[in-house]
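Okay, structure first, notes after.
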Amino acid sequence: MRPETAVAIHLEDYAPAAYQIDTVDLDIQLSPRSTDVFARLAVRRHEDTDPGAPLELDGDELELVGLTLDGMPLLEDAYSATPSKLVLNAPPAEPFTLEIRTRIDPDSNTELMGLYRSSGTYCTQCEAEGFRRITYFLDRPDILSVYTTRIEARKGDAPILLGNGNPVSAGDVPGTDRHFAVWHDPHPKPSYLFAMVAGDLAHVADTFVTTSGRKVDLKIYVEHGREDRCAWAMDSLKRSMKWDEDVFGCEYDLDVFNIVAVSDFNMGAMENKGLNIFNDKYVLADPETATDQDYANIEAVIAHEYFHNWTGNRITCRDWFQLCLKEGLTVFRDQEFSSDMRSRAVKRIADVRLLKSHQFPEDAGPLAHPVRPRKYTEINNFYTATVYEKGAEVVRMLKTLLGPDGFRKGMDLYLERHDGDATTIEAFLVCFSEATATDLGQFARWYDQAGTPQVDVKSRYDKRAGELTLDISQSIAPLPGQASSEPAVIPLRFGLVGRNGEDMSFERVTGARLQEDVLILEEQSQSVTFTGLKSRPVVSLLRGFSAPVRLEDHQDADDLLFQARQDSDDFNRWQAIQTLATHDLIRLAGEARTGKELKADARLVEAFGETLLNEELDPAFRALALQLPSEADLARDIGSNVDPDAIHQARAVLRAAIGSENAGAFRAALGAKPQGSFSPDADAAGKRALANQALAYYAASGASDVDDLVMAAFVDADNMTDRIAALTLLVHDNLKDAEQALEIFRKRHEATSLAMDKWFMVQATAPLADGLEKVKALTAHPLFDFANPNRVRSLVHAFATGNATQFARQDGLGFEFVAGNVLVIDQRNAQVASRLLTCFRSWRAYEEGRSKLAETALLKISSAEGLSRDTRDIVDRCLQ
Ligand code: 0A1
Ligand code: ZN
């Protein structure tokens, strides 16, 4: 843990560095407890820097062992060194070579930032500020240098030595048991993209030939015995490489592309140049241990990291405020890739669900920040749903506004003009503006304003005149640090649906710009009128979720039911059903608090049955449409005075009503599994999703054979998707054989850590009266390990975010448990701790009793001594 005094960093204070580092030659002599790093830096004074101005290099927990300038040792008064800074008081005015020797201890690096060991493998993580834990450096993304890395280790411990770029040479160190490898990366890069790996690893290999004929050696490195779980990742990689050439004209630029999977990793994966390092969760898959969701995630994350090669690496960020420049754009690109590989509508629904469940609450509470923040104290806390997912939505809107051709022109210009740059959002927007002669001044507000715009729509139809008027207004609720806001440019895709389900034509639109089927909203409030209508249409707004807004369009249940059945836009069909369910669930949750007997809306129940039976719809779509809004979704929509128990009860009542009213149909749908051997493709996955959704509803029907049927589904499952779906029902619905099934699962998968993560997660999210006690007991399980981020996430994090009733227990013990864990974890890994703590972000939305208890838990954290900067930042912002 690295307790630090927090210093706020402001976007407006950006200034170029006083010095530039053109080349970095590293010699890393690996040893578990004591690794020596020799760094030779070619340093050059920036032309605007006064000769003799101090050179300040960043460090973090470093020990300086040696220092020379142009080969000469430095006098003691010429520099000062602390673990977090190395300052040369008056360096030469002319270019010079600085040689720095530091000593680090990979084995005691529990933060998993910088150089550490995961299951014996040396690996690095340098984004955002991890390079300074390896050597003193100008550790900021606008310092672009050419790196040559020599790695040396005991041959027996680490037969594989990997670095960025292309391999140059390798050999034994004479007279020792050690060997070395030298890697050279010709592409200048920021220090956060530096990586090296050394270990005893197995690999799978393949090749890819780029459009211009470059043969690229592809390798995925994993622990021995895991090679046969890499096929899907390799396949995803090759498809990503091809897609980026076809869709964005981006070709790969080195002779090798290496991926290494490690089991201890703070995040999902990292796009280091030519040497991506992955959380093994996003690499390893086979039908026995991975679910369809895992397969889809692997495809997306492999693509995401690969796409960073252009959007992030060739063109990087000037400073960390510009993080969305690479992340929002790259998420947009990976979403498009997955849409092209799978069903576009299903992918869109899945992405919007994620946005609404993760980003919307973030944007409505104390942790809200603009897509491009203006201030941070700890940059690691800004790898958020807002920067990533809302950032991607902003790029998507840009495409909607400029059209596919305009967007591609802008991207081409950006990729050409800024290749090799560390740049900004402004420069990115200028490319689109220039390429399409469009003023994006107002659009740029999306990057600068926090909060989800709420769009209110009231519609009036004048039958005699055949005119429809929509009164539309937009606003953002006040947020900490943002009392008011300016209107955003909102592209509102729409259709006027006639009784036959087809979109009606109209004569004219007044009151807003119209671009094909998109209304461009630019005002605080505006009245939009359509003329020449033959009858009153059902207005389908925000098709495809064309903007990240909350739409309040006051549609009645009849119109929503009509839309659910007839809208030609799949997204809005799904949305209509969700809105109907949300309305009814909120009503039921309200009634639950008054002790009234709960009865679900019959028409809604019927609509769910209809969706199940509608063979015209893709099974994957039906599975999504049948999924009720989550407890967290409902809490977000209720917004204040939230009672998680009432929400849970409401959902249980609706689920039981849908299950029992349509029990026969759900039972019949259980058999609709894909035939033949397992395939992870979207089609087969969709069929499994629908069958498992049917099983869940049938389980809720109360039929007498439920216990046996679900247990049989568990026992008979021949893939992880079906097995975990059945296990979840057994445990969450507290069915007869739950304990036995957990035991069977444990015995079967004990040796596979990623499968055991699922075992922990199923129990962590069980909404049982003694759920908390069970989770507490699991923290003492021999397989639980605070040192492994995936394990912590699968138990403690999953409990805090996926077990609303037990986390927010009325006795406050759920909050207390999570807060206690935050403090324990903070001692070893600040990033994992602070991320866990964000589960308190909506604490003010609870009803009074619970929100007081949550505040007590937060205050306990806040008053603890020696908090990391990461956790301090989150707790302070939560309490502000
Ligand atoms: N750039 C990575 C995300 C990432 C960020 C920080 C990390 O350090 C702990 C690791 C990964 C991505 O977008 O995939
Ligand atoms: Zn990324």
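Listing TRP446, TRP843 from fewest to most neighbouring C-beta atoms within 10 Å gives TRP843, TRP446. In a reduced charge model with +1 at each Lys and Arg Cβ and -1 at each Asp and Glu Cβ, the chain shows a dipole moment near 1240 debye about its Cα centre. Per-residue ellipticity at 222 nm, computed for the chain from helices alone with -39500 (n - 2.57) per DSSP H run of at least four residues, works out to -12000 deg cm²/dmol.
What FRET efficiency do you get for GLN482 and GLU502 if R0 is 30 Å and r is their Cβ-Cβ distance, rounded to the nearest 0.05? Before the final figure, lay out the partial values.
Numbers: r = 43 Å, r/R0 = 1.42.
Efficiency computed from Cβ-Cβ geometry: 0.10.
Shape call for the range 533-666 from the C-alpha gyration tensor, a ≥ b ≥ c root eigenvalues: rounded (a/c under 1.5), prolate (a/b greater than b/c) or oblate? Oblate.
If you take all other residues with their beta carbon under 12 Å from the beta carbon of ALA202, and give Lys and Arg +1 and Asp and Glu -1, the sum is -1.
Here the spin labels are modelled as points 7 Å beyond Cα on the Cα-Cβ line, and at LEU613 and ARG460 they lie 4.2 nm apart.
Per the Debye calculation on the range 320-475 with a single equal scatterer at every Cα and no solvent contribution, log₁₀ I(q)/I(0) for q = 0.11 Å⁻¹ amounts to -0.51.
Fully extending the segment from LYS747 to GLU63 would add 241.7 nm, taking 0.36 nm per residue of separation and subtracting the current Cα-Cα distance.
Taking other C-beta atoms within 10 angstrom as a stand-in for reagent exposure, THR148, THR765 fall in the order THR148, THR765, fewest first. Antiparallel as a % of all DSSP beta bridges within the chain, to the nearest 5? For the chain, the DSSP antiparallel bridge percentage is about 80.
Beta bridges from DSSP with both residues in the range 9-307: antiparallel share about 80 percent, rounded to the nearest 5.
Express in nm, to one decimal, how much length is gained between ALA170 and ALA602 on full extension, taking 0.36 nm for each residue of separation and deducting their alpha carbon distance. Could the numbers behind the result be given before it?
On the way: separation 432, 0.36 × 432 = 155.52 nm, distance 7.20 nm.
Additional length available on full extension: 148.3 nm.
Look at where the Cα atoms of the range 220-239 and of the range 570-637 average out, and the two centres are 39 Å apart.
In terms of Cα atoms, the Rg and Dmax of the range 402-518 work out to 18.7, 62 Å. In the range 171-329, the alpha-carbon atoms span a convex hull of 139 Å³ per residue. Using only the C-alpha atoms, the convex hull of the range 33-136 corresponds to 99 Å³ per residue.
First measure r as the distance between the Cβ atoms of THR82 and ALA6, then evaluate 1/(1 + (r/R0)^6) with R0 = 22 Å and state the FRET efficiency to the nearest 0.05.
Details: r = 18 Å, r/R0 = 0.81.
Approximately 0.80, to the nearest 0.05.
Within the shell of other residues whose beta carbon sits under 12 angstrom from the beta carbon of ARG44, the net charge comes to -2, with Lys and Arg scored +1 and Asp and Glu -1.
For LYS390, a cut-off of 13 angstrom between C-alpha atoms picks up these aspartates and glutamates, skipping any fewer than 8 places away in its own chain: GLU327, ASP351, GLU362, ASP363, ASP448. The Cβ shell under 13 Å around VAL509 holds other residues with a net charge of -2, Lys and Arg each +1, Asp and Glu each -1. Here the Karplus relation 6.51 cos²θ - 1.76 cosθ + 1.60, evaluated at θ = phi - 60°, turns the backbone of the range 689-702 into coupling constants of 4, 5, 4, 6, 5, 5, 4, 5, 5, 5, 4, 7, 6, x Hz, with x for every Gly and Pro.
Counting only alpha carbon atoms, the long axis of helix 869-879 and the longest principal axis of the chain meet at about 30°. Here, P(r) means the percent of Cα pairs in each 5 Å bin from 0 to the largest distance; for the range 454-547 it is 3, 13, 23, 24, 17, 9, 5, 3, 2, 1. Between GLN880 and ARG101, the C-beta separation translates, for a Förster distance of 41 Å, into a calculated FRET efficiency of about 0.40.
Cross-link partners of LYS534 among lysines, defined as those whose alpha carbon lies under 21 angstrom from its own and excluding same-chain residues fewer than eight positions apart: LYS458, LYS463. Hydrodynamic estimate: the Kirkwood radius of the chain over Cα pairs, inserted into Stokes-Einstein at 4 °C and 1.567 mPa s, corresponds to D of 45 µm²/s. Exposure proxy for VAL538, VAL256: other Cβ atoms within 10 Å of each Cβ, ordered fewest to most, give VAL256, VAL538.
Partners of LYS242 within straight-line reach, counting lysines whose Cα lies under 19 Å from its Cα and excluding those fewer than 8 residues away in the same chain: LYS215, LYS219, LYS273.
Express in nm, to one decimal, how much length is gained between VAL715 and ARG344 on full extension, taking 0.36 nm for each residue of separation and deducting their alpha carbon distance. Write out the running numbers ahead of the final one.
Working: separation 371, 0.36 × 371 = 133.56 nm, distance 3.36 nm.
Gain on stretching VAL715 to ARG344: 130.2 nm.
Here the translational diffusion coefficient of the range 9-307 follows from Stokes-Einstein with Rh set to the Kirkwood radius across Cα pairs; for 20 °C and 1.002 mPa s it amounts to 106 µm²/s.
Once C-alpha pairs closer than 8 Å and six or more residues apart are averaged by separation and normalised to the residue number of the range 608-678, the relative contact order reads 35 percent.
None of the figures in this text is laboratory data; all of them are computed from the coordinates on show. This one's a predicted model, so the numbers in the text were calculated from it and none came from an experiment. Glycine also receives a Cβ, built like all others from the backbone with ideal geometry; neighbour counts cover every protein chain displayed.
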